[in-house]
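Note sheet for the following structure.
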Amino acid sequence: MNKSLAFGGTVPSRLGALLLVSTLCAAARASGQCPDGSPPPCHAATARVPAAAKRGVAVLYFENLSGDSTYAYLADGLTEELILKLGNVSKLDVRSRFAVRRYKNQPPADLQAAARVLNVAYLVTGSVRPGRDRVRVTVEVVRANSGARVWGEELDRPSTDLLAVTDDVAREVAQGIVGQLFPAEAAALAVPATASPEAYEHFLRGNFAMALRSPQAVLRALDEYQTALRLDPAYTAALARTAYGYAILLAWGWQHPTLPAESVLARGAADAARALRRDSTSSDAWMAQGIVLWFLEPRTLRGSLAAHERSVALDPENAEAWQLLGAVNLFLGRFAAADTALRRALAVEPGRPVSLERLAELYWLRKDPAHAMRLLDTLITLTPGFYSAYADRVLLLLQAGDTAAAAREAELCARLGPDDFVMTRATLAMVQAAEGDTNRARRGMDSVMSRIDGPNGVGAGWMQYVLPPFLFLGDTTRALEIVEGSRPRGPFLWWGLNWPTLDPIRQSPRFQRVVQESQAPAVAPVKNK
């Protein structure tokens, strides 16, 4: 499956996000269930206070002062846990980790300018300096309009006391900004995520690896989360992230080294269900559940849309949750809803590369390749190493007849994404076929097909890369055989067959038959417009 799939109409305001929560809660009351899975009365709509009644706070990613990149997980992890903890204080309007990610590894020289961009009154900055068996954490809160120091402290603690460090910093920061906390808020800040400091450290390591979004990194993240669960079997957050790790492997089409895809699906489904039984307010668990249902219910995606809607209702500042909501809407042919969700992801996290890529692809599906190319240009400027964007540019350049430029982009894609053999090799073969180098193109596609052509044919997410080389070779028979051999029929395949690169065979009755068989039953056919 190609990337974490989602698309983006108009950018909803913060009020729009609140209205979404309210609408979902109203619908839930009518159906007898709340967005968090609990029975009425629903609490999700009251969990977020209007921004005007709060004090805006942004926690910028802490610096790793150790000089050793292996400790980057610690600086990032403490930052994200602090953001999560402060989010429990109703008087604070805390920016999500997605919103502040643009400043990671590049602290703003002008804190006041950063505060204006983030629309906050307070900034929290900090650093982490690990030692052999101790860790020193320095934290400072400044008032954005004046730069005045509100609170600051240096904590020197044993490395085994990271849980207490996070709790102490969260309490002191909150009290420094709002003063006296409500008893419930103080209690929430004091509740540890786990009773095991060792499990907590493995959880932080897992989160750091998961954010890298490569096959090897996701597998490392799974190992870390599973280690955390062995140390503390009641660690629900680690269980939810384990489910999400398996879901990411499925969604991105990455192979587990020892488990077949059906076992990955079974484990992801079981872990998501267990996490939701323990905590029905976990946005991570609902995200995992939504992706799992893509594969458990491939003909209709039944239940997936509701799961992703719950995920964003529970965490409206989660850019990844909005992106996945866009994905399922896209698969179901709900292009306007997909557009809105993806743009919301970009509003939460401007410059998010996967969201920009999906938005570019949506414009391409809507027959606006020039706009799609401009978005990909922006993406590459912001994130030069995002290799799949080069593969998308190859498709657009070949459609425009610029084979020489496409060849350069294909080489970049192959150099930057060696782990993604199917995409990189198919992209090279596509250019070789377009250049007339048929022997190399056929050899390349033989290698690609040997890896992905199984009992259920070629996955829907590979269609835009695997079919064009055969079309450039003039082998429409082979292309149509691939289309007809792909299973299961359903929204995934319907989406995979909508790419403009497949226009040369679009009018074939054989092609159209598969498109019709793949249309989700409850969704009317959608024209690309």
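The values are calculated or read from the model by the stated rules, or taken from the named source; none is laboratory data. Everything numeric in this text was worked out from a predicted model, so none of it was measured. Neighbour counts are summed over all protein chains in view; Cβ atoms, including those assigned to glycine, are modelled from backbone coordinates with ideal geometry.
Quick check: anything in the stretch 289-299 more than 18 Å from Ala243 (Cα to Cα), in contact with a helix residue (DSSP H, G or I) (Cβ under 9 Å, 6 or more places away or on another chain), at pLDDT below 90 and assigned to a helix (DSSP H, G or I)?
Looking for residues that are more than 18 Å from Ala243 (Cα to Cα), in contact with a helix residue (DSSP H, G or I) (Cβ under 9 Å, 6 or more places away or on another chain), at pLDDT below 90 and assigned to a helix (DSSP H, G or I), one finds none in the stretch 289-299, hence no.
Tell me, which strands (runs of 3 or more DSSP E) lie completely within the stretch 53-147 with 1 or more residues that are of a type in the set (S, T, N, Q)? Spell out how you get there, then give the answer.
Numbers: elements: 55-59, 92-94, 122-130, 134-143.
Fully inside the stretch 53-147 and qualifying: 122-130, 134-143.
Ala269 fails exactly one of the following numbered conditions: (1) more than 19 Å from Arg358 (Cβ to Cβ); (2) assigned to a loop (DSSP other than H, G, I, E, B); (3) in contact with a helix residue (DSSP H, G or I) (Cβ under 7 Å, 6 or more places away or on another chain). What is the number of that condition?
Ala269 satisfies all of (1) more than 19 Å from Arg358 (Cβ to Cβ); (2) assigned to a loop (DSSP other than H, G, I, E, B); (3) in contact with a helix residue (DSSP H, G or I) (Cβ under 7 Å, 6 or more places away or on another chain) except (2).
When you check Ala170 against the structure, is it touching a helix residue (DSSP H, G or I) at 6+ places or on another chain (Cβ under 7 Å) and outside any strand (DSSP E or B), yes or no? Even if it seems obvious, please write down each step before you answer.
On the way: touching a helix residue (DSSP H, G or I) at 6+ places or on another chain (Cβ under 7 Å): yes; outside any strand (DSSP E or B): yes.
Yes, satisfied.
Which residue is surrounded by the most Cβ atoms within 10 Å (Cβ to Cβ), if the candidates are limited to the stretch 339-389 and must be assigned to a helix (DSSP H, G or I) and hydroxyl-bearing (Ser, Thr, Tyr)? Steps first, please.
Residues of the stretch 339-389 that are assigned to a helix (DSSP H, G or I), as a first pass: 339-348, 353-365, 369-382, 387-389.
With hydroxyl-bearing (Ser, Thr, Tyr) added as a condition, the list becomes 340, 355, 363, 378, 381, 387-388.
Working: Thr340: 23, Ser355: 30, Tyr363: 20, Thr378: 16, Thr381: 9, Tyr387: 21, Ser388: 21.
Per the criteria, the residue is Ser355.
If you take the residues of the stretch 155-184 that are over 19 Å from Tyr122 (Cβ atoms) and acidic (Asp, Glu), which of them is surrounded by the fewest Cβ atoms within 10 Å (Cβ to Cβ)?
Asp156
I'd like to verify a number: residues in the stretch 275-287 that are closer than 19 Å to Asp223 by Cβ and either surrounded by fewer than 18 Cβ atoms within 10 Å (Cβ to Cβ) or at pLDDT below 95 (or both), how many? Working first, answer last.
The initial filter retains those residues of the stretch 275-287 that are closer than 19 Å to Asp223 by Cβ, namely 275, 284.
Imposing the further condition that a residue be either surrounded by fewer than 18 Cβ atoms within 10 Å (Cβ to Cβ) or at pLDDT below 95 (or both) reduces the set to 284.
The total comes to 1.
Only one of (1) outside any helix (DSSP H, G or I); (2) within 21 Å of Lys367 (Cβ to Cβ); (3) at pLDDT 90 or above fails for Lys527. Which number is that?
If we test Lys527 against (1) outside any helix (DSSP H, G or I); (2) within 21 Å of Lys367 (Cβ to Cβ); (3) at pLDDT 90 or above, just (3) comes out false.
Do we find that Ala240 is buried (at least 17 other Cβ atoms within 10 Å of the Cβ), touching an Asp or Glu at 6+ places or on another chain (Cβ under 6 Å), closer than 26 Å to Tyr387 by Cα and small (Gly, Ala, Ser) in this structure?
Working: buried (at least 17 other Cβ atoms within 10 Å of the Cβ): yes; touching an Asp or Glu at 6+ places or on another chain (Cβ under 6 Å): yes; closer than 26 Å to Tyr387 by Cα: no; small (Gly, Ala, Ser): yes.
So Ala240 does not fit the description; no.
When you go through Leu265, Leu301 one by one, which is the residue that is surrounded by 21 or more Cβ atoms within 10 Å (Cβ to Cβ) and under 20 Å from Trp462 (Cβ atoms)?
Answer to the check: Leu301.
When the residues of the stretch 405-438 are narrowed to those that are of a type in the set (Asp, Glu) and assigned to a helix (DSSP H, G or I), which ends up farthest from Ser214 (Cα to Cα)? Steps first, answer last, please.
Within the stretch 405-438, the first condition is being of a type in the set (Asp, Glu), and the residues that meet it are 409, 411, 419-420, 435, 437.
With the extra rule that they be assigned to a helix (DSSP H, G or I), the set shrinks to 409, 411, 435.
On the way: Glu409: 20, Glu411: 19, Glu435: 31 Å.
Only one residue tops the list, namely Glu435.
In the stretch 90-113, how many are at pLDDT 85 or above and over 21 Å from the mean Cα position of the chain (by Cα)?
Result for the stretch 90-113: 2.
Of all residues being under 22 Å from Leu305 (Cα atoms) and among the acidic types (Asp, Glu) in the stretch 350-379, which is modelled with the lowest pLDDT? Just the residue, please.
Glu361
Any residue that is surrounded by fewer than 22 Cβ atoms within 10 Å (Cβ to Cβ), of a type in the set (Phe, Trp, Tyr) and either at pLDDT below 95 or part of a loop (DSSP other than H, G, I, E, B) (or both) - is there at least one of those in the stretch 499-513?
Scanning the stretch 499-513, I find at least one residue that is surrounded by fewer than 22 Cβ atoms within 10 Å (Cβ to Cβ), of a type in the set (Phe, Trp, Tyr) and either at pLDDT below 95 or part of a loop (DSSP other than H, G, I, E, B) (or both), so the answer is yes.
Looking at (1) in contact with a Lys or Arg (Cβ under 9 Å, 6 or more places away or on another chain); (2) on the phi > 0 side of the Ramachandran plot, which is the one condition that is false for Leu259?
Answer for Leu259: the failing condition is (2).
Quick one: count up the residues across the stretch 212-237 that are surrounded by fewer than 19 Cβ atoms within 10 Å (Cβ to Cβ) and of a type in the set (Val, Ile, Thr).
1
So that you can scan it fast, the table gives a plain yes or no per residue for (1) farther than 22 Å from Pro108 by Cβ; (2) modelled with pLDDT under 85:
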{"position": "Pro50", "(1), (2)": "yes, yes"}
{"position": "Arg55", "(1), (2)": "no, yes"}
{"position": "Leu60", "(1), (2)": "no, no"}
{"position": "Leu82", "(1), (2)": "no, no"}
{"position": "Asn88", "(1), (2)": "yes, yes"}
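Does Glu198 qualify as being in contact with a Ser or Thr (Cβ under 8 Å, 6 or more places away or on another chain), in a strand (DSSP E or B) and among the charged types (D, E, K, R)?
Values: in contact with a Ser or Thr (Cβ under 8 Å, 6 or more places away or on another chain): yes; in a strand (DSSP E or B): no; among the charged types (D, E, K, R): yes.
When the stated conditions are applied, Glu198 does not pass them.
Condition (residue is in a helix (DSSP H, G or I), at pLDDT 90 or above and touching a helix residue (DSSP H, G or I) at 6+ places or on another chain (Cβ under 9 Å)) applied to the stretch 454-461: is it met by at least one residue?
Step one: of the stretch 454-461, the residues in a helix (DSSP H, G or I) are 460-461.
Narrowing further to those that are at pLDDT 90 or above: none.
Within the stretch 454-461, none of the residues are in a helix (DSSP H, G or I), at pLDDT 90 or above and touching a helix residue (DSSP H, G or I) at 6+ places or on another chain (Cβ under 9 Å).
Provide a single number: the residues in the stretch 287-322 that are within 19 Å of Leu249 (Cβ to Cβ) and under 13 Å from the mean Cα position of the chain (by Cα). It would help to see each step written out before you state the result.
Filtering the stretch 287-322 for residues within 19 Å of Leu249 (Cβ to Cβ) gives 287-298, 301, 304, 307-308, 311, 320-321.
Pick out the ones that are also under 13 Å from the mean Cα position of the chain (by Cα) and you get 287-288, 290-291, 308, 311, 320-321.
Total satisfying the criteria: 8.
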